[in-house]
Amino acid sequence: MKNITEQFNSEFQPFKALLLYRHDKAEQRTTYQHSDKQTHIYVESYDIGQTGQPINAHPLSVKEMATLSEMLQTAQELKGGYLKSRSLLPANILYVNQQSNGYAVWYTPPQEVRLFFVDSLKIPSGKFKIPAMVWKANAERLSVYAFKGKNKPTDKTPLCHAPYLNIYHSGQVCMGTVNIAIGKTECLEDFMHLWERYFFNSYFSHSISGNNSTKSNTTELWRSHAGTDADFPQDELIKIGYNLKNIIE
């Protein structure tokens, strides 16, 4: 996952200042009507010198206006577009929080997907049938869970450990060296699609939980199911002691 420690230790330096001038000019329309006011705005741009003093005063250039416009547009997108659905909410969405560091919770039914494993595990990469899953993600972090059955879960549906490698007991996914590039302008449908693609297209490499994500040895379980076209054995799922409602903060 992304390491943002350096951002907290970085010192931000001012490099540009804008000074806005306003001139209100009264315009007399007729002798019997009130005068209208016309407001004229002039924007002056300053560079910030090494000593922190404004220097190089000049009218705001077209290039500077374009940069400012792009920044403001991005800010507006961050405010209004993040995790918004293009139209009706997707049928598999369970919960959406659109606050500053918002997140979404959704589910996928049992399905057949392609899974990838590093060579050292001696598990052939290929198509596997997997159980129903619950996904919870923000722009930087993903957690996954499993549940028994195939119907849409309710807030009382018991959750189980996701039966995969590279998963912490909390459900958080260790994405290793995968470069996560999900911005806070993604619509809900793209957000969900990107996270599923990141998860299934990454290589499972090791067990974080000591191969205890399933009742039997997790690595051996996937090794035995490689190339069999067998349904995932739901009796291998281990309940984690809380339900869907508990992961919605």
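The values are calculated or read from the model by the stated rules, or taken from the named source; none is laboratory data. Just so you know, these numbers come straight off a predicted model, no measurement behind them. Glycine gets a Cβ as well: all are built from the backbone with ideal geometry, and neighbour counts include every protein chain shown. In case anyone asks, the SASA skips ligands and DNA or RNA and just uses the protein heavy atoms, side chains included. Shrake-Rupley method; radii C 1.70, N 1.55, O 1.52, S 1.80 Å.
Which numbered condition in (1) touching a residue at least 40 places away in the same chain (Cβ under 8 Å); (2) β-branched (Val, Ile, Thr); (3) open to solvent by less than 40 Å² (accessible area, probe 1.4 Å); (4) closer than 16 Å to residue 137 by Cα is the only one that residue 248 fails?
Residue 248 satisfies all of (1) touching a residue at least 40 places away in the same chain (Cβ under 8 Å); (2) β-branched (Val, Ile, Thr); (3) open to solvent by less than 40 Å² (accessible area, probe 1.4 Å); (4) closer than 16 Å to residue 137 by Cα except (3).
When the residues of the range 83-140 are filtered to those that are of a type in the set (Phe, Trp, Tyr) and more than 25 Å from residue 242 (Cβ to Cβ), which remaining residue is farthest from the chain's Cα centre (by Cα)?
For the range 83-140, the residue satisfying everything is 128.
Among the residues that make up the range 117-127, is at least one of them in a strand (DSSP E or B), polar (S, T, N, Q) and either touching a residue at least 24 places away in the same chain (Cβ under 8 Å) or under 15 Å from residue 201 (Cα atoms) (or both)?
no
Taking the range 133-154 as the region of interest, how many residues are of a type in the set (A, V, I, L, M) and over 18 Å from residue 168 (Cα atoms)? Talk me through it step by step, then tell me what you get.
Initial filter on the range 133-154 (of a type in the set (A, V, I, L, M)): 133-134, 137, 139, 142, 144, 146.
Right, trim to over 18 Å from residue 168 (Cα atoms) and you get 139.
Count: 1.
Suppose we filter the range 192-216 for residues that are touching a residue at least 60 places away in the same chain (Cβ under 8 Å) and polar (S, T, N, Q); how many remain?
So the answer is 3.
Mind counting the residues in the range 59-109 that are basic (Lys, Arg), modelled with pLDDT of 75 or more and surrounded by 11 or more Cβ atoms within 10 Å (Cβ to Cβ)?
Qualifying residue count, the range 59-109: 1.
Of the residues 127, 136, which is open to solvent by 10 Å² or more (accessible area, probe 1.4 Å) and within 18 Å of residue 103 (Cα to Cα)?
136
Can you work out which of the residues in the range 158-201 that are open to solvent by 20 Å² or more (accessible area, probe 1.4 Å) and among the small types (Gly, Ala, Ser) is modelled with the highest pLDDT?
Among those residues, the one meeting the criterion is 170.
Matching residues to (1) without any contact (Cβ under 8 Å) to a residue 24 or more places away in the chain; (2) not in a loop (DSSP other than H, G, I, E, B):
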| site | (1), (2) |
| --- | --- |
| 182 | no, no |
| 190 | yes, yes |
| 221 | no, yes |
| 229 | no, no |
| 242 | no, yes |
